[in-house]
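Here is the structure we will look at.
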Amino acid sequence: MQLPTSSLSASTRPQKGHLTAYIRRLLKPKQWDLEYTFWLMMQLCFSPKTAYRHTAYHKQTKNQWARDDPAFIVVCCALVACASLAYCVTFGDTVWHTLMTVLSAVLVDFLVLGVAVATACWLYAFDVHCNSYFPLFLLLYVLQFLLCPVLLWRSYLSSALSNALYVIALSVYHYMNFLGYGSLPFLERTEVFLWPIGVMLLLLPFAVLSGFNPSIFTLSVYFG
């Protein structure tokens with residue numbers, strides 16, 4: 001989806017210099033700012049507006065919207081890999097399938113999806129995806145894993161709880177996208193990022209009444 005904008009000429013120019021510096025820093029773990037990364041993760045969970053106010057400060061001090069520190073992505077990849085491994089151990093996968101599932105979760109579900117949705121100011125757009133993905137990860141990887149004994153029952157209650165969990169997680173993801181792109185002064189009509197929330201709320205009663213359980217569906221896709 002092309003982002004609505006009034007003027008993207010300055011913001012969509014190739015950022016090869018930023019990308020090169022980013023990759024160089026990725027290869028130098030001693031330069032990662034892990035303290036800021038964990039602070040940001042906490043803010044994304046409890047005060048996302050504070051996190052994006054800090055983005056404006058970053059633009060003023062470093063003259064770029066995107067983060068220049070890869071620590072957040074590295075930590076997210078590690079967390080996604082650990083959570084995926086926990087699912088694989090719990091549901092008894094083979095070593096080969098475990099490896100493929102972990103790689104798929106990190107490379108496809110997290111990284112490739114982020115690159116795919118990144119459009120204007122793509123480095124910053126990828127940051128927005130990563131920021132939005134972290135709360136979703138906590139809900140659909142961690143919390144869902146802990147609630148699996150309840151969510152995997154074949155009952156309307158389990159279906160309702162599972163649907164509610166997915167709607168909340170995906171709504172948080174889209175709301176965080178809205179906050180992230182809303183921080184860019186040259187973008188207009190960023191409220192379009194909130195539209196999927198309304199669609200999901202409309203579909204929620206039908207999903208529950210039909211007995212559809214997204215937790216069972218998702219785990220069946222990954223683990224047969």
Q. Does the stretch 54-63 include one or more residues that are more than 25 Å from Pro185 (Cα to Cα), free of Cβ contacts under 8 Å to residues at least 40 places away in the same chain, surrounded by 13 or more Cβ atoms within 10 Å (Cβ to Cβ) and over 15 Å from the mean Cα position of the chain (by Cα)?
A. no
For the stretch 81-94, pairs from a residue that is at pLDDT 90 or above to a residue that is among the hydroxyl-bearing types (Ser, Thr, Tyr), with Cβ under 6 Å and 6 or more apart or across chains, are Ala83/Tyr141; Ser84/Thr101; Cys88/Thr98; Cys88/Thr101
Exactly one of Leu123, Leu111, Leu99, Leu103 is assigned to a helix (DSSP H, G or I), at pLDDT 85 or above, of a type outside the set (D, E, K, R) and closer than 20 Å to Thr20 by Cβ, and that residue is Leu111
The residue that is surrounded by the most Cβ atoms within 10 Å (Cβ to Cβ), considering only those in the stretch 171-190 that are part of a loop (DSSP other than H, G, I, E, B) and of a type outside the set (Asp, Glu), is Leu184
Picked from the stretch 191-224 (must be over 22 Å from the mean Cα position of the chain (by Cα) and not in a helix (DSSP H, G or I)), the residue surrounded by the fewest Cβ atoms within 10 Å (Cβ to Cβ) is Gly224
Taking the stretch 3-37 and keeping only residues that are surrounded by 13 or more Cβ atoms within 10 Å (Cβ to Cβ), modelled with pLDDT under 85 and part of a loop (DSSP other than H, G, I, E, B), one is left with Leu3, Pro4, Leu8, Ser11, Thr12, Gln15
Scanning the stretch 145-160 for residues that are assigned to a helix (DSSP H, G or I) and surrounded by fewer than 18 Cβ atoms within 10 Å (Cβ to Cβ) gives Phe145, Leu146, Leu147, Cys148, Pro149, Val150, Tyr156, Leu157, Ala160
The condition of being polar (S, T, N, Q), within 18 Å of the chain's Cα centre (by Cα) and modelled with pLDDT of 90 or more holds, among Ser171, Ser159, Ser183, only for Ser171
Given the conditions (1) farther than 13 Å from Pro214 by Cα; (2) in contact (Cβ under 8 Å) with a residue 12 or more places away in the chain; (3) out of contact with any helix residue (DSSP H, G or I) (no Cβ under 6 Å at 6 or more places or on another chain); (4) part of a helix (DSSP H, G or I), every one holds for Ile168 apart from (1)
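The values are calculated or read from the model by the stated rules, or taken from the named source; none is laboratory data. Keep in mind that what you see is a predicted model, and the values were worked out from it rather than measured. Here Cβ is always computed from backbone atoms with ideal geometry, including for glycine, and neighbour counts include all displayed protein chains.
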